[in-house]
Amino acid sequence: MAKVLKVKKKSGILQKFSKAKLYKSIRRTGTSPAVSKKVANAVAKRVRNRMPTSKIKKMTITKLRKYNKSAALKYKKYKK
């Protein structure tokens, strides 16, 4: 059974990591479903327990930049 990963939000709250949520946030930049899935899968493999969401965002931007620089910029500017 896989261990449930928790990520640390900006507020300090721990929340269950969701690859689906990451995928949706990448899709909002206008990136294709195929590229969004590749980026989400690559980042999800590197997520560690209690990792800050700010670090996950940086990893996502780095991966996304390889496929679509304008989408990476949109993702970087996005604040929730």
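No lab work stands behind these numbers, since they all come straight from the coordinates. These numbers come from a predicted model, not from an experiment. Methodologically, a virtual Cβ is constructed for each residue, glycine included, from the backbone with ideal geometry; neighbour enumeration extends over all protein chains shown.
For the reader, a short list of remarks on this structure follows.
- The set of residues in region 1-58 that are in a loop (DSSP other than H, G, I, E, B) and among the basic types (Lys, Arg) comprises Lys3, Lys9, Lys10, Arg28, Arg48, Arg50.
- Scanning region 17-41 for residues that are without any contact (Cβ under 8 Å) to a residue 24 or more places away in the chain, surrounded by 15 or more Cβ atoms within 10 Å (Cβ to Cβ) and hydroxyl-bearing (Ser, Thr, Tyr) yields a total of 2.
- Taken over region 59-77, the criterion of being in contact with a helix residue (DSSP H, G or I) (Cβ under 9 Å, 6 or more places away or on another chain), surrounded by fewer than 13 Cβ atoms within 10 Å (Cβ to Cβ) and closer than 19 Å to Ser11 by Cα is satisfied by no residue.
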